[in-house]
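A short worksheet on the structure shown next.
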């Protein structure tokens, strides 16, 4: 890999601290255990949820609930997880966006950096496309998980996990994932600045060509 | 001879190009050294942070185990709830050659039910765009930038004198072609090596103080020198041809582009074409089918209705263990095929790398640093063996249908890294042989010029 793009990565290295994947996932574990900023810890959240649920159904214990308590707790845990993942991945993506902006600075010394961005963006192989795919896949996963939990809530009352069994209608109702590829214009904001940088480089090249042409013309003229 | 060397040095010092070369070398090496120092610090911090968290978790788990709140059901569940973390050692010279250390996993937790092909999870968070562009390390400077600087200093080492018509006069003053070229070589090659040496010394000084690091750094620098000697031999050979300095520069830069920029992706593409990478998704799907089959087979053989609570938990744990072991056995060949394919790719890359000495030098540098493919392959095999030992240790209690004890917990195996594979220096030997060959060829041509 030539120097320009590598310099871009190094600039990002120097200006933004490396993220440690294990620390990131430990943070998510802590979020579940301790709660997000302003939220109570897991035990308190569980107690609150139990009290709210009993009050909502007007019963004295979870055994008296007309729906599955296991299903409700699973559902509540998943929904809290959605909040955690949304927040932490938004932070991660914001950090990557900052790195990307820093890497773009290297386009001043090498057009290759901008060329790679535009090329990958148009080919659909850049991070924007990957992120869009992940967003759709995660949205689909949440639909499926919510359906599964909802079925357990509705049909699992008074049953252990071993006794509960979903029937065919649930699986037939589960949607099939279909990826909708984004249009070129939808993600153009990711590489439009790089395209402008390339135009600037083209302008510089043409200017250099014009100067060289004029000098040559002066040299050969009698 | 010394007077000749000093005279050439004085002439060299008057050239602005020398200052530019020195400045570029120093700035690039300094940037690489800073980047390398930050990288090895990141690896060290991430490793120690992970192991500290794991030790705290293990300590807390052990405290629960000995507390009054711990029940027999907890003991029955313990094979599943207990975990052991491990981390690879930080590569010895990851600050010199980042190599594969920014893409390979190096830390994991082992627990019941883990498969060897899924041992490392969620280990990569780096920006893919940044990973794609690579990191600026000292190895990159040594293999890519330094040869260019050497070409800038040496493209006209003799052809420029020939262009000016002063070659014969200089030869007469120097007392022979050999003395002239030796004086010029002695002044130019170290000028390019100097920034690399300073950066290497700085990294040794500020980096982790580990046994063998200084010797490895010295070896690393020796291989770098061998790589640059190859380029100097090429420069001398091109200068020995009857070409102008401009043509020599063009030929040398084209050779550099071919060997440094074009050859590596071509070799990798050839290896991928010869041995297409297996589909990871297919491997995952195979694993799912194997899991379903193992689960169905076990449950068919072990109906579990009407058993008391404690025995039921033991049965669930035993079921999970048996299914996991059956799954590991059935997924083994699939994982092996995956590994074999990657190894076959690597073999092709290693063989074709002989076409490009800079590739062999780069591989040797990564080998010395412990960031090459072979080092990570050895660690991967060791981590799988560790998983198998861990599973076997768990299985002893489960097979006897007894409760998991604190002694069982404490006796669970810990990861021991394998000895570092010795780097291969055959490629470096080949590079030096080529350097000698080109040097000999060049000397023959220069001898003819001197006689003429």
Restricting the range B:364-375 to residues that are assigned to a helix (DSSP H, G or I) and crowded, with 21+ Cβ neighbours inside 10 Å, which is nearest to the chain's Cα centre (by Cα)? B:366
Have a look at B:26, B:22 and point out the one that is in contact (Cβ under 8 Å) with a residue 24 or more places away in the chain, more than 30 Å from residue B:377 (Cβ to Cβ), surrounded by fewer than 17 Cβ atoms within 10 Å (Cβ to Cβ) and in contact with a helix residue (DSSP H, G or I) (Cβ under 6 Å, 6 or more places away or on another chain). B:26
With respect to residue B:143, determine if the residue is part of a helix (DSSP H, G or I) and touching a residue at least 60 places away in the same chain (Cβ under 8 Å). yes
Might you let me know whether the range B:106-122 holds any residue that is surrounded by 21 or more Cβ atoms within 10 Å (Cβ to Cβ) and within 11 Å of chain A (Cβ to nearest Cβ)? yes
Since residue B:150 meets every condition but one in (1) surrounded by fewer than 18 Cβ atoms within 10 Å (Cβ to Cβ); (2) away from chain A (no Cβ under 14 Å); (3) in contact with a helix residue (DSSP H, G or I) (Cβ under 6 Å, 6 or more places away or on another chain), which condition does it not meet? (1)
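In the range B:66-87, how many are part of a strand (DSSP E or B) and surrounded by fewer than 23 Cβ atoms within 10 Å (Cβ to Cβ)? Steps first, answer last, please.
Let us first name the residues in the range B:66-87 that are part of a strand (DSSP E or B), namely B:83-87.
Adding the requirement that they be surrounded by fewer than 23 Cβ atoms within 10 Å (Cβ to Cβ) leaves B:83-85, B:87.
The total comes to 4.
For the range B:220-317, which fully contained helices (runs of 4 or more DSSP H) count at least 3 residues that are within 30 Å of residue B:96 (Cα to Cα) and under 37 Å from the mean Cα position of the chain (by Cα)?
Qualifying helices (runs of 4 or more DSSP H): B:245-256, B:263-274.
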Can you tell me which residue is farthest from the other protein chains (Cβ to nearest Cβ) among those in the range A:103-124 that are surrounded by fewer than 18 Cβ atoms within 10 Å (Cβ to Cβ) and modelled with pLDDT under 90? A:108
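Give me a count of the residues in the range A:13-42 that are within 14 Å of chain B (Cβ to nearest Cβ) and out of contact with any strand residue (DSSP E or B) (no Cβ under 9 Å at 6 or more places or on another chain).
Of the range A:13-42, the ones within 14 Å of chain B (Cβ to nearest Cβ) are A:13-30, A:33.
Those still in the list that are out of contact with any strand residue (DSSP E or B) (no Cβ under 9 Å at 6 or more places or on another chain) too: A:13-20, A:23-30, A:33.
Selection size over the range A:13-42: 17.
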List pairs: first residue in the range B:34-51 and within 7 Å of chain A (Cβ to nearest Cβ) and in contact (Cβ under 8 Å) with a residue 24 or more places away in the chain, second residue assigned to a helix (DSSP H, G or I) and surrounded by fewer than 17 Cβ atoms within 10 Å (Cβ to Cβ) anywhere in the structure, Cβ distance under 7 angstrom, at least six positions apart or on different chains. B:35/A:14
Against the condition within 30 Å of residue A:12 (Cα to Cα) and either within 14 Å of another protein chain (Cβ to nearest Cβ) or in a helix (DSSP H, G or I) (or both), how does residue B:19 come out, does it pass? yes
So residue A:53 clears everything in (1) touching a residue at least 24 places away in the same chain (Cβ under 8 Å); (2) away from every other protein chain (no Cβ under 14 Å); (3) touching a helix residue (DSSP H, G or I) at 6+ places or on another chain (Cβ under 7 Å) except one condition, right? Which one? (1)
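Results for (1) without any contact (Cβ under 8 Å) to a residue 24 or more places away in the chain; (2) within 13 Å of another protein chain (Cβ to nearest Cβ); (3) part of a helix (DSSP H, G or I); (4) in contact with a helix residue (DSSP H, G or I) (Cβ under 8 Å, 6 or more places away or on another chain), shown as yes or no for each residue.
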site: B:124; (1), (2), (3), (4): yes, yes, no, yes
site: B:136; (1), (2), (3), (4): no, yes, no, yes
site: B:156; (1), (2), (3), (4): no, no, no, yes
site: B:186; (1), (2), (3), (4): no, no, yes, yes
Candidate set: the range B:88-111, residues that are assigned to a loop (DSSP other than H, G, I, E, B) and free of Cβ contacts under 8 Å to residues at least 60 places away in the same chain; chosen: the one nearest to residue B:390 (Cα to Cα): B:105
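Test residue A:192 against the criterion of being in contact (Cβ under 8 Å) with a residue 12 or more places away in the chain and surrounded by 11 or more Cβ atoms within 10 Å (Cβ to Cβ), and give yes or no.
On the way: in contact (Cβ under 8 Å) with a residue 12 or more places away in the chain: no; surrounded by 11 or more Cβ atoms within 10 Å (Cβ to Cβ): yes.
Considered against the rule, which asks whether it is in contact (Cβ under 8 Å) with a residue 12 or more places away in the chain and surrounded by 11 or more Cβ atoms within 10 Å (Cβ to Cβ), residue A:192 comes out as no.
The values are calculated or read from the model by the stated rules, or taken from the named source; none is laboratory data. Predicted model only: the values in this text are computed from it and were never measured. Glycine gets a Cβ as well: all are built from the backbone with ideal geometry, and neighbour counts include every protein chain shown.
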